[in-house]
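The values are calculated or read from the model by the stated rules, or taken from the named source; none is laboratory data. Here the structure is a predicted model, which is why all the values come from computation and not from measurement. Virtual Cβ from ideal backbone geometry, glycine too; neighbours counted across all protein chains shown. To get the accessible areas, we keep the full protein, side chains included, count just its heavy atoms, and leave off ligands, DNA and RNA. Shrake-Rupley method; radii C 1.70, N 1.55, O 1.52, S 1.80 Å.
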Amino acid sequence: MTTTSIGFLGLGSMGAPMARNLLKSGLAVTVYNRTQTTAEALRADGARVAATPADAVVEGGIAITMLAHDAALEAVTLGQDGILHKLGKGGLHISMSTVSPETSKKLAALHEANGSLFLSAPVFGRPEAAAAQKLWICQSGSADAKRRAKAILDVLGQGIHDFGDDPAAANVVKLSGNFMILAAIETMAEAQALAEKNGIDRVALASFFGQTLFSCPIYQNYGRTIAERSFEPAGFKLELGMKDVRLVRDVAEAAMVSMPLADLLHARLLTSLAKNRGKQDWTAIELVTADDAALR
């Protein structure tokens, strides 16, 4: 494992366990978070704490960003005290956030002009998967960026799947996957409402299908969460789910792809936000289905 200095920016429910795993692997990690107390919590794990994004990286080093949205990513990269110019020639920026493909294209071009590398590497998995080093990572970017990032990504996930040279490609994959997960959540919510209205125990229904026809983590884990209505604490906040669905619809419109199910999901999320459920888990869209079925 290389001893190149790593700056990790963004210590939310996903970023914090990822940074801890890098520290456990013996890497030198400097962390930055907008809320300083969150960063200070990693000092005991051996992290150096930076006061600004630029302070988190060294020239020619590696920056990893795990941030909530495009604006936050652009702020730490391009803003005052951003990482772009500090990384300089030979630096590498691994963007693991769920952001728009256009943002990745923009940042990749700016890094190239600056002599540094950019790799899109968004992940699939909830905080517990991040802590267990069980994330699935999809990547796209230059071969040089992938070679340099591999040892680090191997620490963070259970598998890396490559989607070519276009830095935007991995973001399209990530948005496609999140759309599919949310569509499955809606499907399970409707099915459980149908069962409950007919006197069938919703937990038993979720357990049955999770063990048989839909024996996979999404239907097993989310199915149980929906059946039990365990929407807090949030593994993935509903308000972030809305951000992702908006991005899906933007990409779909640009490509002239009709996605009527994405429109339905947008409506479910919008109603949920209007009911002040933004901080709950995104599975809480089930409550809209339950309300429509007069189950609450």
Spot the failing condition for LEU78; the list is (1) at pLDDT 95 or above; (2) open to solvent by less than 60 Å² (accessible area, probe 1.4 Å), and only one is missed. (2)
So, ALA267, is that one over 20 Å from GLY12 (Cβ atoms), among the aliphatic types (A, V, I, L, M) and open to solvent by less than 10 Å² (accessible area, probe 1.4 Å) or not? no
Does region 4-19 contain any residue that is of a type in the set (Phe, Trp, Tyr), in contact with a Leu (Cβ under 8 Å, 6 or more places away or on another chain) and under 21 Å from LYS146 (Cα atoms)? yes
Which numbered condition ALA68 fails, given (1) part of a loop (DSSP other than H, G, I, E, B); (2) of a type in the set (Gly, Ala, Ser); (3) open to solvent by less than 20 Å² (accessible area, probe 1.4 Å): (3)
Output the qualifying pairs, or none if there are none: Cβ atoms under 8 angstrom, residues six or more apart or on different chains, first residue in region 252-276 and farther than 11 Å from LEU182 by Cα, second residue among the hydroxyl-bearing types (Ser, Thr, Tyr) and open to solvent by 50 Å² or more (accessible area, probe 1.4 Å). ALA252/SER258
Residues that are within 22 Å of HIS85 (Cα to Cα), part of a loop (DSSP other than H, G, I, E, B) and open to solvent by 10 Å² or more (accessible area, probe 1.4 Å), drawn from region 12-52: ALA28, ASN33, ARG34, ALA51, THR52
Within region 283-296, restricting attention to residues that are under 21 Å from the mean Cα position of the chain (by Cα) and either open to solvent by 10 Å² or more (accessible area, probe 1.4 Å) or among the β-branched types (Val, Ile, Thr) (or both), which residue is nearest to ASN178 (Cα to Cα)? THR283
Selection count where residues are open to solvent by less than 50 Å² (accessible area, probe 1.4 Å) and over 26 Å from LYS89 (Cβ atoms), scope region 138-190: 17
Go through region 99-151 and count every residue that is among the hydrophobic types (A, V, I, L, M, F, W, C), under 17 Å from the mean Cα position of the chain (by Cα), assigned to a helix (DSSP H, G or I) and farther than 16 Å from LEU67 by Cα. 2
Quick one: which residue in ALA113, ALA131, ALA121 is surrounded by fewer than 18 Cβ atoms within 10 Å (Cβ to Cβ), under 30 Å from ASN221 (Cβ atoms) and among the hydrophobic types (A, V, I, L, M, F, W, C)? ALA131
Taking the residues in region 241-258 that are among the hydrophobic types (A, V, I, L, M, F, W, C) and buried (at least 18 other Cβ atoms within 10 Å of the Cβ) as candidates, determine which candidate is farthest from GLU186 (Cα to Cα). VAL251
In region 214-230, is there at least one residue being in contact (Cβ under 8 Å) with a residue 24 or more places away in the chain, on the phi < 0 side of the Ramachandran plot, open to solvent by 70 Å² or more (accessible area, probe 1.4 Å) and acidic (Asp, Glu)? yes
